[in-house]
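A quick write-up on the structure given underneath.
The values are calculated or read from the model by the stated rules, or taken from the named source; none is laboratory data. This one's a predicted model, so the numbers in the text were calculated from it and none came from an experiment. Note that each Cβ is placed from the backbone with ideal geometry, even for glycine, and that neighbours are counted across all protein chains shown. Please note that ligands, DNA and RNA were not included when accessible areas were found on the heavy atoms of the full protein model with its side chains. Shrake-Rupley method; radii C 1.70, N 1.55, O 1.52, S 1.80 Å.
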Amino acid sequence: MHPVVGQIFDAFKLKGSERYGEEEVTQLQHALQCGHLAMKANASERLIVAALLHDIGHILDDRDMPEKCSENLNDQHEFRAHQFLVQQFGNSIADPVRLHVVAKRYICTRNPGYEKKLSPTSLKSFHDQGGKISHEEVRQFEDEPFFREAIQLRHWDDAAKDVSWVTPPLEDFATLIEASLT
Ligand SMILES: [Fe+2]
């Protein structure tokens, strides 16, 4: 196994069984479901990897994850993930991940009904992250080369929280991850 794939698998082994805030799914379940939704949508291989690894910033963090929504849920995990992913995979994977938080704020700004689709934890983090965005921030987001991919990823992210859903294991993604390394 490539050492970077090993590093990713180790991170999931170490913290993949943890839950973020009051989410019902574990970090590993959430990642696998998100990657799987991207696959089912016939996304590009790079966007499937981005979907799978979009929350890797949570599990690459030495700090314990918050266990209650009353805690501050704005942990900047998208930037921690980007720092790691851009070196290993380049912008087409790292940028949709960096943008997946602002993508939620963008979607909720453009479509206020979307807030109702968010889990309680995701709604709380939406507010902690600053809530709706300004016209200028909308423009900045739409100027990002990978903003459409970030929106797609965000929809899978919000749908990937089903505790009853059994997905194929992480190992099934190993070849795809390795093939996506720069
Ligand atoms: Fe997520």
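Within region 153-171, being within 13 Å of the ligand (Cβ to nearest atom) and either closer than 21 Å to Ser92 by Cβ or modelled with pLDDT under 95 (or both) holds for Leu153, Arg154, His155, Trp156, Asp157, Ala160.
Considering Ala31, Ala50, the condition of being modelled with pLDDT of 95 or more, under 23 Å from Ser122 (Cβ atoms) and touching a Pro at 6+ places or on another chain (Cβ under 6 Å) is satisfied by Ala50 alone.
Sort out which residues of region 35-59 are outside any helix (DSSP H, G or I) and more than 10 Å from the ligand (Cβ to nearest atom), and write them in order of number.
Of everything in region 35-59, those that are outside any helix (DSSP H, G or I) and more than 10 Å from the ligand (Cβ to nearest atom) turn out to be Ala41, Asn42, Ala43, Ser44.
Inside region 113-153, residues that are under 22 Å from Cys69 (Cα atoms) and among the charged types (D, E, K, R) make up a count of 6. All of (1) within 11 Å of the ligand (Cβ to nearest atom); (2) in a helix (DSSP H, G or I) hold for Leu32 with one exception: (1). Out of Asp75, Asp62, one residue alone is part of a loop (DSSP other than H, G, I, E, B), at negative phi and without any contact (Cβ under 8 Å) to a residue 12 or more places away in the chain. It is Asp62.
Selection within region 13-29: residues that are touching a Gly at 6+ places or on another chain (Cβ under 7 Å) and closer than 15 Å to Ser119 by Cα. The member of this set that is farthest from the ligand (Cβ to nearest atom) is Thr26.
Check region 2-12 and report whether any residue there is within 12 Å of the ligand (Cβ to nearest atom), in a helix (DSSP H, G or I) and either touching a residue at least 60 places away in the same chain (Cβ under 8 Å) or more than 19 Å from Ala150 (Cα to Cα) (or both). Within region 2-12 (the criterion being within 12 Å of the ligand (Cβ to nearest atom), in a helix (DSSP H, G or I) and either touching a residue at least 60 places away in the same chain (Cβ under 8 Å) or more than 19 Å from Ala150 (Cα to Cα) (or both)), the answer is no, since none of the residues qualifies.
Rundown of residues vs (1) open to solvent by less than 10 Å² (accessible area, probe 1.4 Å); (2) within 18 Å of Arg19 (Cβ to Cβ); (3) modelled with pLDDT of 95 or more, yes/no style:
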site	(1), (2), (3)
Lys40	no, no, yes
Ser44	no, no, yes
His54	yes, yes, yes
Leu60	no, yes, no
Arg63	no, yes, no
Pro66	no, yes, no
Gln76	no, no, no
Gln83	no, no, yes
Val86	no, no, yes
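Residue under question is Ser119, and the condition is that it be over 28 Å from Thr182 (Cβ atoms) and among the small types (Gly, Ala, Ser); does it hold? Yes: the conditions hold for Ser119. So which residues in region 139-182 are open to solvent by less than 30 Å² (accessible area, probe 1.4 Å), aliphatic (A, V, I, L, M), within 14 Å of the chain's Cα centre (by Cα) and under 23 Å from Gln87 (Cα atoms), if there are any at all? Within region 139-182, Ala150, Leu153 qualify.
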